[in-house]
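Read the structure below first, then the notes.
The values are calculated or read from the model by the stated rules, or taken from the named source; none is laboratory data. Treat the numbers as computed from the prediction; the structure is a model and nothing was measured. Please note: Cβ atoms are built from the backbone with ideal geometry, for glycine as well, and neighbour counts cover all protein chains shown.
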């Protein structure tokens, strides 16, 4: 089964797709080994991994290249941030084609102006509705694989109003999008209203310390959401862990290797074991 068909199968189930955020091969492999059904390539994490803030500075080529690394690392579907589609309808067409070739199962395209900003930061601007709808229509028409999922993200809640965000989400669904993503709802009431007012499957973005209230994944499912992405889940943990280890080494002036839970051989076998064993079987 292709990753796109598997993602469609997951989307049709009576449950929520739980997708932790990843930004490289290591984090994506760890999510797969933990038993999650999908991974989410976070644009913010990808930007930070390249040394940039999430201000729309990373190009389509860089994002697709990172998505391809993640897609070839795991055997579960990859959902990827595709920012604004990187231009007009022509650019969106190429964006869809490139992500499909990279092996991604789903992308989300938003209605911010270029350069965009992180969805949970101030100072965002959005394009007119007709321009946004034209991009979504182009994205839906561009896919070669009918199972490739187009997720329409709107940032209108922070710029205009909650009502405008709902209108944009429904307009996107009417023009070929498969899933709606209303970014940065502010209250539990708004969060619960989105799946009721939007005429199609909905995605919830759960950001630690973000604008959206904290909920459990089960609560999100019970509200009617079909996908929950957690873009900052691992990056937050990595920041905390690295700060702790570095402070300990700085204070003790001794390497932390003696307290590591695994050695180089164990880490190699965990990450590369299946691949390495396959090569040995093939060539010996």
### Task
Determine which single condition residue 125 fails, assuming it passes every other condition in (1) within 25 Å of residue 52 (Cα to Cα); (2) buried (at least 17 other Cβ atoms within 10 Å of the Cβ); (3) touching a helix residue (DSSP H, G or I) at 6+ places or on another chain (Cβ under 9 Å).
(2)
### Message
Which count do you get for residues in the range 172-186 that are farther than 14 Å from residue 109 by Cα and either within 22 Å of the chain's Cα centre (by Cα) or surrounded by 24 or more Cβ atoms within 10 Å (Cβ to Cβ) (or both)?
### Response
3
### Query
Looking at 131, 183, 167, which is the one that is closer than 25 Å to residue 37 by Cα and assigned by TED's automatic domain parsing to the domain that holds residue 84?
183
### Message
Kindly evaluate residue 165 against the criterion of being buried (at least 24 other Cβ atoms within 10 Å of the Cβ), in contact with a strand residue (DSSP E or B) (Cβ under 9 Å, 6 or more places away or on another chain) and over 21 Å from residue 42 (Cα atoms).
### Response
yes
### Message
Could you check the range 74-95 and list, in sequence order, the residues that are farther than 26 Å from residue 35 by Cβ and over 15 Å from the mean Cα position of the chain (by Cα)?
### Response
86, 87, 88, 89, 90, 91, 92, 93, 94, 95
### Message
Restricting to the range 1-28, name every residue that is surrounded by fewer than 17 Cβ atoms within 10 Å (Cβ to Cβ) and over 19 Å from residue 215 (Cβ atoms).
### Response
1, 2, 5, 9, 12, 13, 24, 25, 26
### Some residue of the range 73-88 being surrounded by fewer than 17 Cβ atoms within 10 Å (Cβ to Cβ) and more than 26 Å from residue 156 (Cα to Cα)
yes
### Task
Scan the range 136-145 and give yes if some residue there is under 18 Å from residue 80 (Cα atoms), in contact with a helix residue (DSSP H, G or I) (Cβ under 9 Å, 6 or more places away or on another chain) and surrounded by fewer than 17 Cβ atoms within 10 Å (Cβ to Cβ), otherwise no.
yes
### Query
Picking from 65, 38, which residue would you name as being buried (at least 17 other Cβ atoms within 10 Å of the Cβ) and within 16 Å of the chain's Cα centre (by Cα)?
38
#### Entry: Subset of the range 198-231 that is more than 23 Å from residue 9 (Cβ to Cβ) and out of contact with any strand residue (DSSP E or B) (no Cβ under 9 Å at 6 or more places or on another chain) - its residue that is surrounded by the fewest Cβ atoms within 10 Å (Cβ to Cβ)
209
### Message
I'd like the full set of residues that are assigned to a helix (DSSP H, G or I) and more than 20 Å from the chain's Cα centre (by Cα), limited to the range 133-157.
### Response
133, 134, 137, 138, 141, 142
